[in-house]
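Below is one structure, written out as structure tokens; comments come after it.
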Amino acid sequence: MVALRVDVWSDILCPWCYIGKRNFETALGEFPDRDRVEIRWHSFELDPGMDREPQQTLLERHHRDLGGTIDDARARLAMVSDLAAQAGLAYDLPNAVPVNSFDAHRLTKLGDATVHGDAVRERVMRAYTGERAVLTDPETLVRLGADAGIDAEAVRNMLSGTDFADAVRDDERLAARFGVSGVPTFVFGERYGISGGRPPGDFRRALEQLGSSDPTGATPSSSRP
């Protein structure tokens, strides 16, 4: 059976990406041809230059970057958290710790190489949005990788070198080629895309369109995302 391809760009530090992921999964679970869907996850850093050392909480960062009062910033994060709750996610965004996400993306690539990619992606997103995890701390990444089924020593070895760095950069170059400038971005069959943490119904319609518009099930060219 030929796959229906969905490419997804996301950043672990993006609360909307976790919402989009969960709503997409909900829609996929209701899609009759879900066994034909092949999902390809791609890394994307919203702020590649972000410090590795924690500087401030997400609440403080929102207050600094978006202005208004601290209560305004808290209200913005509460709105996102309410949408997350509707998707079944428990967020603690005011206390989330934004740091450079490059090593966390490398961990997801290690997961993909060891058939634990989905579990790793889920674990690190949950840790950032709800557990105040510092995703540049090596032992935190070792623990999260182990929670997802990856041998702890394999994570330590990856972090001590440059393994999967090229894979992350390749994803980001591919995003630039296809004009992906924000996340989450879901591309269905290389034909059309959906951006943002959309509700499950939007993803369900996109999947239905993908299935009905590709009656031959032709596999997309490997030169595309």
Pick from 66, 110, 207 the residue whose mean-square fluctuation is largest in a GNM of the chain, springs joining Cα atoms under 10 Å. 66
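What FRET efficiency comes out for the pair residue 153/residue 56, r = Cβ-Cβ distance, R0 = 30 Å, nearest 0.05?
For R0 = 30 Å, the calculated efficiency reads 0.35.
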Considering the options 199, 146, 9, tell which one lies farthest towards the positive end of the dipole of the chain, charges being +1 on Lys and Arg and -1 on Asp and Glu at the Cβ, about the Cα centre. 199
Could you state the principal axis extents of the C-alpha atoms in the range 1-102, from the largest down, to the nearest angstrom? 53, 29, 18
In whole angstrom, how far apart do the alpha carbon centroids of the range 155-216 and the range 107-144 sit? 18 Å
Can you give me the angle between helix 70-86 and the longest principal axis of the chain, using Cα atoms only, in degrees from 0 to 90, rounded to the nearest 10? 40 degrees
Which one of 129, 185, 26 has the biggest mean-square fluctuation once the chain is modelled by GNM with Cα springs under 10 Å? 26
Between residue 37 and residues 5 or more places away or on another chain, which pairs have amide H atoms under 5 Å apart, with H built 1.01 Å from N, and which residues are they? 4
Rounded to a whole number, what is D in µm²/s for the range 104-177 from Stokes-Einstein with the Kirkwood radius over alpha-carbon pairs (4 °C, 1.567 mPa s)? 105 µm²/s
Phi-based couplings in Hz for the range 102-116 (Karplus 6.51, -1.76, 1.60; Gly and Pro marked x): 4, 5, 5, 5, 4, 4, 5, 5, 4, x, 4, 6, 10, 6, 10
Once you put a point 7 Å from the Cα of residue 72 and another 7 Å from the Cα of residue 177, both along the Cβ direction, what distance in nm separates them? 4.1 nm
For the range 14-22, what does the Karplus curve 6.51 cos²θ - 1.76 cosθ + 1.60, with θ = phi - 60°, yield as ³J(HN,Hα) per residue in whole Hz, taken in order and with x for Gly and Pro? 9, x, 5, 5, 5, 4, x, 4, 5
If the only charges are +1 at each Lys and Arg Cβ and -1 at each Asp and Glu Cβ, what is the size of the charge dipole of the range 4-212 around the Cα centre, to the nearest 20 debye? 420 debye
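Bear in mind that the values in this text are calculations on the coordinates, not laboratory data. Keep in mind that this is a model prediction, so the values were computed, not measured. Every residue, glycine as well, gets a Cβ built from its backbone with ideal geometry; the counts of neighbours run over all protein chains shown.
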